[in-house]
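The values are calculated or read from the model by the stated rules, or taken from the named source; none is laboratory data. Computed from a predicted structure; not experimentally measured. Neighbour counts run over all protein chains shown; Cβ positions are idealised from the backbone, glycine included. With ligands, DNA and RNA removed, areas are computed over all heavy atoms of the protein, side chains included. Shrake-Rupley method; radii C 1.70, N 1.55, O 1.52, S 1.80 Å.
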Amino acid sequence: TCASSTGAGCARAIGMAHHILATYPQCLEAHQMLGEAYLANRQYEQASEAFEAVLRLDPEHIPAHVGLGMTCERLGRLDRAVTAFEHALEIKPDLPELRSQLLRLYTDAWGSEYAHLRLSRAGLARLYAKGHMLPQAISEFRQVVADQPDRVDAQVALAEALWRDEQEEEAAELCHEILGEHPEALKA
């Protein structure tokens, strides 16, 4: 986005992203470009806001979780950085760079004795969904949503699993609930 991470390149990317967003306020790519440009330009608060905007539109957007994680780390918000990387890893557990980044953050935040990865319930649910084990995925996602009602990504993933399992009425009902709270959630 920012040619050689120069200030001028970042300023052009930021200007271009704002121009696109003026016409297309729900353009994921423009919000992502804005976040990356702000991050490269060390404007961390603005980068965080841009990545959060992407995640409001698509709570399963891996590059936005990674960008938010990097931004929060630079702001010294290690707990939030860990959460962002954990969410990205739940969605895409086979990315070695995510795994190593998360292990490094665990070490930085809590010491090397806590630096081990574990499969979360949401991660397990996603593995079930990818393996077409939809009843198990639905069960796990329901538990994640019950335990963490603010996890819009899990709500959206649950709706998708219900839909893929041909439970269309319940999927539609859940999507209406999601959209009631998060009208910008594109997948819902």
| request: Give the stretch 141-184 a look and list any residue that's open to solvent by less than 30 Å² (accessible area, probe 1.4 Å) and touching a Lys or Arg at 6+ places or on another chain (Cβ under 7 Å), or say none. | output: Val144, Val156, Ala157, Leu158
| said: Return the residues of the stretch 37-57 that are touching a helix residue (DSSP H, G or I) at 6+ places or on another chain (Cβ under 6 Å) and open to solvent by 50 Å² or more (accessible area, probe 1.4 Å); say none if nothing qualifies. | reply: Asn41, Gln46
| query | On the given criteria, is Leu98 at pLDDT below 95 and either out of contact with any strand residue (DSSP E or B) (no Cβ under 7 Å at 6 or more places or on another chain) or β-branched (Val, Ile, Thr) (or both)? | reply | yes
| message | If I ask for residues that are aliphatic (A, V, I, L, M) and open to solvent by 80 Å² or more (accessible area, probe 1.4 Å), which ones from the stretch 17-36 would you list? | response | Ala22
| note | Those residues of the stretch 55-86 which are under 16 Å from Leu98 (Cβ atoms) and among the small types (Gly, Ala, Ser) amount to Ala64, Gly67, Gly69, Ala81, Ala84
| Among the residues of the stretch 93-113, which ones are on the phi > 0 side of the Ramachandran plot and open to solvent by 60 Å² or more (accessible area, probe 1.4 Å)? | none
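Yes/no per residue for (1) free of Cβ contacts under 8 Å to residues at least 12 places away in the same chain; (2) in contact with a Pro (Cβ under 8 Å, 6 or more places away or on another chain); (3) open to solvent by 50 Å² or more (accessible area, probe 1.4 Å):
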{"residue": "Pro59", "(1), (2), (3)": "no, no, no"}
{"residue": "Ala64", "(1), (2), (3)": "no, no, no"}
{"residue": "Gly67", "(1), (2), (3)": "no, no, no"}
{"residue": "Glu73", "(1), (2), (3)": "no, no, no"}
{"residue": "Gly76", "(1), (2), (3)": "yes, no, yes"}
{"residue": "Asp79", "(1), (2), (3)": "no, no, yes"}
{"residue": "Ile91", "(1), (2), (3)": "no, no, no"}
| Of all residues in the stretch 141-188, which are assigned to a helix (DSSP H, G or I), of a type in the set (Asp, Glu) and under 19 Å from the mean Cα position of the chain (by Cα)? | Asp147, Asp153, Glu160, Glu181
| said: Would you confirm whether or not the stretch 125-134 contains a residue that is more than 22 Å from Lys92 (Cβ to Cβ), open to solvent by 30 Å² or more (accessible area, probe 1.4 Å) and either acidic (Asp, Glu) or out of contact with any strand residue (DSSP E or B) (no Cβ under 6 Å at 6 or more places or on another chain) (or both)? | reply: no
